[in-house]
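Reading through the structure tokens given below for one structure.
The values are calculated or read from the model by the stated rules, or taken from the named source; none is laboratory data. Predicted model only: the values in this text are computed from it and were never measured. Quick reminder, even Gly has a Cβ in these numbers, built from the backbone with ideal geometry, and neighbours come from all protein chains shown. Remember, those area values only see protein heavy atoms, side chains included, never the ligands or the DNA or RNA. Shrake-Rupley method; radii C 1.70, N 1.55, O 1.52, S 1.80 Å.
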Amino acid sequence: MDRAAALDRVDAIVDAVESDPMPVPVREVWVYGDVALGLDPVERLDVYVTKDLHMRGDADAESEFETSHGVKGVGKSVSAEWARAFPEHLRANENGHAAPEKCLAAQLLPEEEPVHLEVCNAPFDRNVTQRLKGALAREDYAQILDPRGVQLWADGTRAEETMEKLRGGELPFPTLSGALEMLGVEEPKASEAADAVRTYRDGQEGPTVRGDVV
């Protein structure tokens, strides 16, 4: 993916978060990994979204969309207002309930581009730490979240200067193994973990999404 096109896609994602109804409230948008490092081309564009829970219930909407779309939880898990505006982006989990992370991905990601969306209720830095602890404990290094991230939008404010630096490749970051060492992972485990993360990412194709709760 051409770097300029990848960053244009990031801008489009932030535009949508700023201007369109979302299935759940969005607090932050980050990018991380290859695009943060200034690489060109970008093999995969990694985007991180911090979300809040949808707190308002709407029993009428829940019944309406279960009947019309076979999806439960509209008005509870995701906004009924959003579902009425973007019914084509409504997605469910294996149990038939509206899945916020899948709905966000359907709305924000084009079908053909290599973009990965991480969706979590926790800020990026906190989730990096939690995922790292879990991955080390289970020795499942592929689940590590690359800590080299850049915040581009938070609570309605766009980080224009940061985006300019990102486009110019002006943000210095260490290697992935070096970043993991800075978080307390000792060598050679840091190198092994970095290789596992890269192998996992290389196996992904097209748009992908992961939902996480911390």
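Listing for the model above:
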| read-out | value |
| --- | --- |
| Within the range 29-144: Cβ-based charge dipole about Cα centre, in debye rounded to nearest 20 (Lys, Arg +1; Asp, Glu -1) | 480 |
| Surface per residue (accessible, 1.4 Å probe) for the chain, Å² | 49 |
| Cα long-axis angle, helix 3-19 against the chain (0 to 90 degrees, to the nearest 10) | 40 |
| Inter-site label distance for Ala59 and Glu139 at 7 Å from Cα along Cβ, in nm | 5.2 |
| Viscosity 1.567 mPa s, temperature 4 °C, Stokes-Einstein D of the range 82-130 from Kirkwood C-alpha radius, µm²/s | 105 |
| Label zone at Glu81 (point 7 Å along Cα-to-Cβ), backbone N below 13 Å, the range 20-48 | 20-26 |
| Extended-chain gain in nm, criterion 0.36 nm per residue less alpha-carbon gap, Asp212 and Ala16 | 68.4 nm |
| Relative pair counts by distance (%), Cα atoms of the chain, 10 Å bins | 8, 33, 34, 19, 6, 0 |
| Unit charges at the beta carbon, dipole of the range 64-120: most positive-side option, Pro87, Ser68, Cys120 | Ser68 |
| Antiparallel %, DSSP beta bridges [both residues in the chain], to 5 | 50 |
| Structure-based [θ]222 nm, the chain - -39500 (n - 2.57) summed over DSSP H runs of at least 4, per residue, nearest 500 | -12500 deg cm²/dmol |
| Amide proton proximity set for Val209, modelled H, under 5 Å, gap of 5+ | Leu117 |
| Over the range 100-214 - Rg/Rh using Cα atoms and the Kirkwood inverse-distance radius | 0.97 |
| Cα gyration tensor of the range 2-65 - equivalent ellipsoid semi-axes, whole Å, descending | 32, 11, 10 |
| Computed lengthening from Thr157 to His69, 0.36 nm per intervening residue step minus Cα-Cα distance | 28.2 nm |
| FRET efficiency for Glu192 and Glu170, using Cβ-Cβ distance with R0 set to 35 Å, rounded to 0.05 | 0.70 |
| Accessible-area ranking of Asp2, Asp52, largest first, probe 1.4 Å | Asp2, Asp52 |
